[in-house]
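The values are calculated or read from the model by the stated rules, or taken from the named source; none is laboratory data. Here the structure is a predicted model, which is why all the values come from computation and not from measurement. So basically every Cβ, Gly included, is an ideal-geometry build from the backbone, and we count neighbours across all protein chains shown.
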Amino acid sequence: MDVKADLKRAWQQNPAQTFQLIVRLSEEGSADALKAQGCPVLRRCKLINGYVIQCTGQQAAALAEAPWVTAIELDMPVQAWLCPDKTAPEP
């Protein structure tokens, strides 16, 4: 299961804190399985077979042990831009 060490540490240090996460699943996983763990599903990410959920650090730690979870990452805004020279625009 793929999860960054700093995110895992955040769960352990803040078990009651709410996190918004992207959880990638194997074929055995489902939105119902996430909901059964007490994690509200906010939206589906079809391209990566995953879901955006809200859960506590304690719930995230439990999900990390589930055999049908393949990766967990923090849900964050993503920026994209198109530039002819493929470099980032000036801020």
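When each of Leu21, Leu47 is tested for being out of contact with any Pro (no Cβ under 7 Å at 6 or more places or on another chain) and loosely packed, with under 15 Cβ neighbours inside 10 Å, the lone residue that passes is Leu47.
Conditions (1) at pLDDT below 95; (2) touching a Leu at 6+ places or on another chain (Cβ under 9 Å); (3) among the basic types (Lys, Arg), marked per residue:
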residue	(1), (2), (3)
Asp2	yes, no, no
Gln12	yes, no, no
Arg24	no, no, yes
Leu34	no, yes, no
Gln59	no, no, no
Val78	yes, no, no
Cys83	yes, no, no
Lys86	yes, no, yes
Glu90	yes, no, no
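For the stretch 1-39, the candidate set comprises residues that are more than 13 Å from the chain's Cα centre (by Cα) and of a type in the set (Asp, Glu); within that set, the residue that is nearest to Gly50 (Cα to Cα) is Glu27. Could you list, ordered by first residue, the pairs with Cβ atoms under 6 Å in which the first is in the stretch 39-63 and within 14 Å of Asp75 (Cα to Cα) and of a type in the set (Lys, Arg) and the second is assigned to a strand (DSSP E or B) and at pLDDT 95 or above, at least 6 apart or interchain? Partner pairs satisfying both residue conditions: Arg43/Val52; Arg44/Tyr51.
Looking at Leu74, is it surrounded by 12 or more Cβ atoms within 10 Å (Cβ to Cβ), in contact (Cβ under 8 Å) with a residue 24 or more places away in the chain and under 11 Å from the mean Cα position of the chain (by Cα)?
yes
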